[in-house]
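Asker: Encoded as structure tokens, here's the structure I'll be asking about.
The values are calculated or read from the model by the stated rules, or taken from the named source; none is laboratory data. Computed from a prediction, not measured in an experiment: that's the story for all the values here. So basically every Cβ, Gly included, is an ideal-geometry build from the backbone, and we count neighbours across all protein chains shown.
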Amino acid sequence: MSVGVIASWQSAFRTSHPDKTFIEQAQEAAVGALKAAKMTPDDIDAIVFSLAPTFFMGVADADHWAVDAIFGAGKPIFRVHTGGATGGSVVHAAYALVESGMARTVLMVGAERIAETPDAQKVLNLIFDAFYERDMPLSTNTSVALAMSRYMQMHGVTEEDFAQTVVRHRRNAMKNPHAHLKGEITIDDVMKSPAIALPLKLFDICPRSSGSAAMIIGDTASLKRYQTRPAFINGLSGLSDTYWIGDRITPISRTDWSSFRLPEYVSRRCFEMAGISDPFKQIQVAEFYDPYSCQAYMQLEADGFCAPGTAARLDREGAWDVDGGAVAVCPSGGTLCTNPIAVTGLVRAIDAASQIMGTAGKMQVKNVRNALATASGGIGQFHCMTVFGAEPVHN
Amino acid sequence: MSIYVVGVAAHPATVVEKRYRLEEMVFRVSRAALENAGVSRGQVDHVTLGACDELDGRPISSMLMAAPAGGFMTDEMKVTDSGLMALCLGMARLMTGEFGLGLVSSWCKSSKTDIDPVMRLRGEPFLSRPIGIDGTVADGLFSQAVGMEFGIEEEEASRRAAAALRRAASNERALGHSALEAAAIQASPYVATPLRDLQRAPASDGAATMVLASERFLRNNPHVKPLARLTGVGWSIDSYQMGASRLRSLASFRDAWGRALTMANISLEMLDVIELESPTGWHEAAAVRALGIDDDRISPSGGTFAQNPLVCTGLIGAVEAVLQVSGQAGAVQRAGARRAAAHSCHGFAQQGNVVACFESVGGQTA
């Protein structure tokens, strides 16, 4: 069976949406995707709800609250929550429902309202172990800063190198009507932005975004009925690493946190499933989950687009540019410009699939045959990848 | 494609687990399930968790819990409604043909959780929360509605709670609550009219893990013997609004059962055992009427009154169902049980329902 994307929708993302409630945001996304697909709620067999920690919003199990708004009453629906990886896991769960034959069509929908909490970082600080790690103090920022420092030391990469990514992503985001942060900035702007956890500075870090997104996938028959140019889901893979960051930096670690090696295992399996043997040559668009400026390079290297330590040099040569590059890295501006945690992974998938379907608007990259989307959660503990293709590799 | 249950384990029923931390409980249970299946953790290629951040008391609780549950360098996902929902997703993933051996794990240390505030946090902030809706009030509204719909009297709800406690008293895997007479339950105070305190199943600490395998895995690992076949699953949800028509209809309850039975290609009459998640005696009274089933097939284990680790209860019911069709249910074994189903509910006033059907693989039924 071939499983593919029928349609999708995403909101404009910004710090908050005071004009809408959570369920109105979710409804807007569900309606948007249904309209784009020319489907009605009755055409949807099942729903997977994309919602990460509800502590950000203050309504537990908010997916239950949204049931009526997303036309879910009387349907099979469940929520997936794998932290920041949630949206990516949602795609995998929905795929399982279709591929297994349990559903012909699945609506994935979710919303993020992170600005309801005055400081999301305080919520995120609670994800760390209460006995050993929380008091260090580890936070999402400090833990990534540690990895970034080690990566810089290992490969001779500089803060200015990472700043290139920020400049490129913000420029790409200018063509993305949904992006939260966008604009022409310089490496100097990044370098002069306030220090957060050195070497991370403010511009090296994603914003806290609110908004909603939805995507509909279907089986072979549904694709024939509703979409003439689907994005086929050709590869999926996900892995869960150890909780303990200390166990990811020892000489005998299975994965190396400083180089973000978990994606290496994930991509190997995913590419095999999708029939990708040389990602540099076969994948035209990579929508990485990269909330920090260092994480695109790390994933490019872990995924085999280039050798370890070479992503920055290739960036200087323009390899990751949308125009004229070998692989368009985050033509949407990526997570660095927009991070609505509950749906970030889903947005990555939407942006990748749209490139295949030719619906990416001003972000459209020419001649895209394969595009990937990743999602990470729990300080890189959970990582998943989806490869979309213009042609199905599984019939 | 057939999916098989090859191992099960549940933490010994406990009101307050003081010996082990939550992650130790779950590690022990998943390890026991793997041993029960005769497989190693390294053979597991995916893990599906059913747990609730708010009840676990930390954001993204699967970060801490995934590895103890068996998920290290494996594909892992968490659903938040019910452990039985995790079983549904675990089954779907195996049916894609891309996985061979999976763990489904669920838990809750209810004793470490201030349950009422968590339930109040589930109320939307505009109407439900200001008027004080919580789990107890929602169950009271449900009891009132199904009482009117089906003519259920308070005494019946008390009688059913007493009967469930009696059945649980025979189950070595149950909490060991004292059996109570219906009159004593009926004399307990109202908590949300017409619901009385002792008509409710008390929350407890617990964890359960089930090992699922594909046909291909079993062919390649002939030493692994299935306990049961997982033949069908179904789930559905009702409106969030607790209007009388929604509460009376049991629409998602009926829908989930219909979907599971259709997938299993069986009728309700063919089930020998039905393990219901009944948070109160009212729920069971409504369920037997909605399904049109006899009492003698309902929850031989004592069901929710045997143990009730929130979110996890449905998966424990599934463990009991598997033990029944594999002839290993001990003192509560139903002779000749070939087909059994487990049910779970979640959300305010049973908003969502989940059902899983199991079948004997032959030769092991008592």
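Asker: Mind checking which residues of the range B:43-53 are in contact with a Ser or Thr (Cβ under 9 Å, 6 or more places away or on another chain) and surrounded by fewer than 22 Cβ atoms within 10 Å (Cβ to Cβ)?
Answerer: B:D45
Asker: Another question, then. Name the single residue, out of those in the range A:36-60 being closer than 19 Å to B:W235 by Cα and surrounded by fewer than 22 Cβ atoms within 10 Å (Cβ to Cβ), that is farthest from the other protein chains (Cβ to nearest Cβ).
Answerer: A:D43
Asker: Going by what's in this entry, would A:D63 be described as in contact with a Leu (Cβ under 9 Å, 6 or more places away or on another chain) and surrounded by fewer than 24 Cβ atoms within 10 Å (Cβ to Cβ)?
Answerer: Considered against the rule, which asks whether it is in contact with a Leu (Cβ under 9 Å, 6 or more places away or on another chain) and surrounded by fewer than 24 Cβ atoms within 10 Å (Cβ to Cβ), A:D63 comes out as no.
Asker: Oh, and also: Give B:S158, B:S178, B:S170, B:S188 a once-over and let me know the one that is surrounded by fewer than 21 Cβ atoms within 10 Å (Cβ to Cβ), in contact (Cβ under 8 Å) with a residue 40 or more places away in the chain and among the small types (G, A, S).
Answerer: B:S170 is the lone residue from the list that is surrounded by fewer than 21 Cβ atoms within 10 Å (Cβ to Cβ), in contact (Cβ under 8 Å) with a residue 40 or more places away in the chain and among the small types (G, A, S).
Asker: Of all residues in the range A:232-267 being surrounded by fewer than 17 Cβ atoms within 10 Å (Cβ to Cβ) and either within 21 Å of the chain's Cα centre (by Cα) or aliphatic (A, V, I, L, M) (or both), which is nearest to A:I6 (Cα to Cα)?
Answerer: A:I249
Asker: Shifting gears a bit: Across the range A:19-33, what is the number of residues that are within 14 Å of another protein chain (Cβ to nearest Cβ) and more than 10 Å from A:I70 (Cβ to Cβ)?
Answerer: Residues flagged as within 14 Å of another protein chain (Cβ to nearest Cβ) and more than 10 Å from A:I70 (Cβ to Cβ) within the range A:19-33 amount to 5.
To keep it simple, each residue is scored yes or no on (1) surrounded by fewer than 24 Cβ atoms within 10 Å (Cβ to Cβ); (2) more than 7 Å from chain B (Cβ to nearest Cβ).
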| residue | (1), (2) |
| --- | --- |
| A:V67 | no, no |
| A:T86 | no, yes |
| A:Y95 | yes, yes |
| A:A103 | no, yes |
| A:V106 | no, yes |
| A:A111 | no, yes |
| A:E116 | yes, yes |
| A:N125 | yes, yes |
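Asker: What about B:G363, is it surrounded by fewer than 24 Cβ atoms within 10 Å (Cβ to Cβ) and either at pLDDT 95 or above or more than 14 Å from the chain's Cα centre (by Cα) (or both)?
Answerer: Considered against the rule, which asks whether it is surrounded by fewer than 24 Cβ atoms within 10 Å (Cβ to Cβ) and either at pLDDT 95 or above or more than 14 Å from the chain's Cα centre (by Cα) (or both), B:G363 comes out as yes.
Asker: Quick check on the range B:104-120: of everything there that is touching a residue at least 24 places away in the same chain (Cβ under 8 Å) and out of contact with any helix residue (DSSP H, G or I) (no Cβ under 6 Å at 6 or more places or on another chain), which residue is nearest to B:T313 (Cα to Cα)?
Answerer: Applying the filter and picking the extreme gives B:S110.
Asker: B:L212 fails exactly one of the following numbered conditions: (1) within 14 Å of chain A (Cβ to nearest Cβ); (2) over 30 Å from B:R122 (Cα atoms); (3) touching a Ser or Thr at 6+ places or on another chain (Cβ under 8 Å). What is the number of that condition?
Answerer: Evaluating B:L212 over (1) within 14 Å of chain A (Cβ to nearest Cβ); (2) over 30 Å from B:R122 (Cα atoms); (3) touching a Ser or Thr at 6+ places or on another chain (Cβ under 8 Å) leaves (3) as the failure.
Asker: Tell me whether the range B:326-337 contains one or more residues that are out of contact with any helix residue (DSSP H, G or I) (no Cβ under 6 Å at 6 or more places or on another chain), crowded, with 21+ Cβ neighbours inside 10 Å and assigned to a loop (DSSP other than H, G, I, E, B).
Answerer: Yes, the range B:326-337 contains at least one residue that is out of contact with any helix residue (DSSP H, G or I) (no Cβ under 6 Å at 6 or more places or on another chain), crowded, with 21+ Cβ neighbours inside 10 Å and assigned to a loop (DSSP other than H, G, I, E, B).
Asker: Which condition breaks for A:T140 when tested against (1) under 24 Å from A:S209 (Cα atoms); (2) in contact with a helix residue (DSSP H, G or I) (Cβ under 6 Å, 6 or more places away or on another chain); (3) away from chain B (no Cβ under 12 Å)?
Answerer: So A:T140 meets the others, but not (3).
Asker: Can you tell me which condition A:L336 does not meet? The list is (1) out of contact with any Cys (no Cβ under 6 Å at 6 or more places or on another chain); (2) over 21 Å from A:S277 (Cα atoms); (3) surrounded by 21 or more Cβ atoms within 10 Å (Cβ to Cβ); (4) among the aliphatic types (A, V, I, L, M), and all the others hold.
Answerer: (1) is the only condition that A:L336 fails.
Asker: Among the residues of the range B:88-102, what is the count of those that are more than 8 Å from every other protein chain (Cβ to nearest Cβ) and touching a helix residue (DSSP H, G or I) at 6+ places or on another chain (Cβ under 6 Å)?
Answerer: So the answer is 4.
Asker: Let me ask another. What is the residue count in the range B:253-303 for residues that are on the phi < 0 side of the Ramachandran plot and outside any loop (DSSP other than H, G, I, E, B)?
Answerer: Qualifying residue count for the region: 34.
Asker: Among the residues of the range B:55-77, is there at least one that is of a type in the set (D, E, K, R), surrounded by fewer than 24 Cβ atoms within 10 Å (Cβ to Cβ) and facing chain A (nearest Cβ under 7 Å)?
Answerer: Yes.
Asker: Here's a follow-up. For A:E28, which of the numbered conditions (1) part of a helix (DSSP H, G or I); (2) at pLDDT below 95 fails to hold?
Answerer: All conditions are met except number (2).
Asker: Mind checking whether some residue in the range A:312-332 is out of contact with any helix residue (DSSP H, G or I) (no Cβ under 6 Å at 6 or more places or on another chain), more than 25 Å from A:S149 (Cβ to Cβ) and crowded, with 23+ Cβ neighbours inside 10 Å?
Answerer: Yes; the residues of the range A:312-332 include at least one that is out of contact with any helix residue (DSSP H, G or I) (no Cβ under 6 Å at 6 or more places or on another chain), more than 25 Å from A:S149 (Cβ to Cβ) and crowded, with 23+ Cβ neighbours inside 10 Å.
Asker: Considering each of B:V5, B:V39, B:V29, B:V16 in turn, give the residue that is away from chain A (no Cβ under 14 Å) and surrounded by fewer than 17 Cβ atoms within 10 Å (Cβ to Cβ).
Answerer: B:V16
Asker: Look through the range B:104-126, keep the residues that are among the hydroxyl-bearing types (S, T, Y) and part of a helix (DSSP H, G or I), and return whichever of them is surrounded by the most Cβ atoms within 10 Å (Cβ to Cβ).
Answerer: Ranking the qualifying residues of the range B:104-126, first place goes to B:S110.
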